[in-house]
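*Asks:* Sharing a structure here in structure tokens format.
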Amino acid sequence: MDIESLLTLISVIGLFFVTIYVANMDDVQAAPFTRARFLLYAIAGILFLFGLTLLSYAFIDPTRLTEIGAVEIPTVDRGGALFAAIISFSGAVFSLQLIGNAFVRQWTAGILRGGTFNPDSTVHTAALILSLTVLCINVGQLVLSGGITGLADSYEQSNVVSDAFLQQALWIFASFLGVGLFIRRTTPASLSRLGLRFPTRQDFKWGISAGIGMLMFVYVMGVIWSLIVPPEQLAEQTAAAEQISAALGTIPLALVVSLLVAVGEEIFFRGALQPIFGVAFTSIYFALLHIQYTLTPASLAILILGIVLGVLRSRASTTSAIIAHFVYNFSQLALAIFAASMFGA
């Protein structure tokens, strides 16, 4: 990543965190959308500009730019770029409506009635807009990276452990900031809001059982899918996931990354988002963000995993969901590492 891209990324992440903080302050002072409104407009503007960038990839021929001596841009799938641009534009328009139209927020609350979404809460509206923005950017980045194959190449060139640590740290920080730690909630209240507690016997029992059950379900799905699709298509669809497994070539690394991902993702998705958006919406969002499994049976598996983890969060705790997620992730990675060492896979 070059300096310009790094500074852009830092600026956008900084804007996100400032927006979360200001949204909390607006709600604390009983002044919904007083100051956070302008920051949310800026985020919608960023999403619109991102859509324009994607649109340029959809309609500009990169080979033609090279011929006339213009800046060289990578070749991407034009249909995918157009699709991602439409998603970004739609996300920007919907975000603008959420900010300025109380009726749209009320309508959204009806759609999200599985959760506690409050149309008059700046924090809840900011959470929805930021979540939508992250999704649109993820879809766009998948297209710009060259699809599943390009994503696999990027994993090969990156440090999976450091990337996982950074991403999960951001999820956790956003979660505690979002629930208002030291702003409108104390530390115990924030932990309670996120569903976090010291693991109980019930947490271990339900978490381990759910993790093993999901692992068996995914194995059966994988066997069935391998019998249906051609080997070349299967190899392409699983390239990104296999590259992650290859990057974690030892059990200790697999253990660390599995724990990081389980803690970070569960605190963010099940702890912070699910009480607001409900199990169904959060599970769909969780599956959509796992872009390395796009258009494969693993997408359905991730969706079902999200639902199972959501139920664990509702009936037990986020801690139980963390245990299940860890068992599921680590078991898969450990088995892949064992297979590679035994059979040279």
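Bear in mind these aren't lab numbers, they're just calculated from the coordinates by the rules spelled out. It should be emphasised that the depicted structure is a prediction, and the values quoted were computed from it without experimental measurement. Backbone-built Cβ (ideal geometry, glycine too); neighbour counts: all protein chains shown.
*Asks:* Residue by residue through the stretch 269-286, which ³J(HN,Hα) values in whole Hz follow from phi under the Karplus form 6.51 cos²θ - 1.76 cosθ + 1.60 (θ = phi - 60°), with glycine and proline marked x?
*Replies:* The phi angles translate into 6, 7, x, 8, 7, 4, x, 7, 9, x, 5, 5, 4, 5, 5, 5, 4, 4 Hz.
*Asks:* While we're on this one: How would you rank D163, D26, going from fewest to most other Cβ atoms within 10 Å of each one's own Cβ?
*Replies:* D163, D26
*Asks:* Another question, if that's okay. 7 Å from Cα along Cα→Cβ at both F204 and F165: what's the point-to-point distance in nm?
*Replies:* About 2.9 nm, to one decimal.
*Asks:* I would also like to ask the following. Measure off 7 Å from each Cα along the Cα-to-Cβ vector at W107 and F59, then give the distance between these two points in nanometres to one decimal.
*Replies:* Going from the W107 label point to the F59 one covers 2.7 nm.
*Asks:* Starting with the fewest neighbours, write out Y328, Y285 ranked by other beta-carbon atoms found within 10 Å of each beta-carbon. Provide the component values of the computation, followed by the final result.
*Replies:* Details: Y328 25, Y285 18.
Result, fewest neighbours first: Y285, Y328.
*Asks:* Just name one of A42, G110, T19: the one whose Cα is farthest towards the positive end of the charge dipole of the stretch 3-144 (beta-carbon charges, Lys/Arg +1, Asp/Glu -1).
*Replies:* G110
*Asks:* Taking θ = phi - 60°, what integer Hz values does the Karplus form 6.51 cos²θ - 1.76 cosθ + 1.60 yield along the stretch 19-31, in sequence order, with x for Gly and Pro?
*Replies:* Each residue's phi maps through the Karplus curve to give 4, 4, 5, 5, 4, 4, 5, 4, 6, 4, 8, 6, 10 Hz.
*Asks:* Listed highest first by mean packing, meaning other Cβ atoms within 10 Å per residue, what order do 259-271, 95-107, 168-180 come in?
*Replies:* 259-271, 168-180, 95-107
*Asks:* Sticking with this one: List residues of the stretch 305-331, by number, whose backbone nitrogen lies under 18 Å from a label position 7 Å along Cα→C-beta of T116.
*Replies:* Under cut-off, by backbone N: 310-319.
*Asks:* May I pose another question? Kindly state, to the nearest 0.05, the FRET efficiency for S192 paired with M342, given R0 = 45 Å and r defined as their beta-carbon distance.
*Replies:* Efficiency computed from Cβ-Cβ geometry: 0.50.
*Asks:* Let me ask something additional. Can you give the net charge of the other residues whose Cβ lies under 14 Å from the Cβ of A262, counting K and R as +1 and D and E as -1?
*Replies:* On the way: positive: R270, R313; negative: D203, E265, E266.
Surrounding charge for A262 is -1.
*Asks:* Would you kindly derive the ³J(HN,Hα) couplings of the stretch 76-86 from the backbone phi angles with the Karplus curve 6.51 cos²θ - 1.76 cosθ + 1.60 (θ = phi - 60°), listing them in order in whole Hz, with x for Gly and Pro?
*Replies:* Taking θ as phi minus 60°, the curve returns 10, 5, 5, x, x, 5, 5, 4, 5, 5, 4 Hz for the stretch 76-86.
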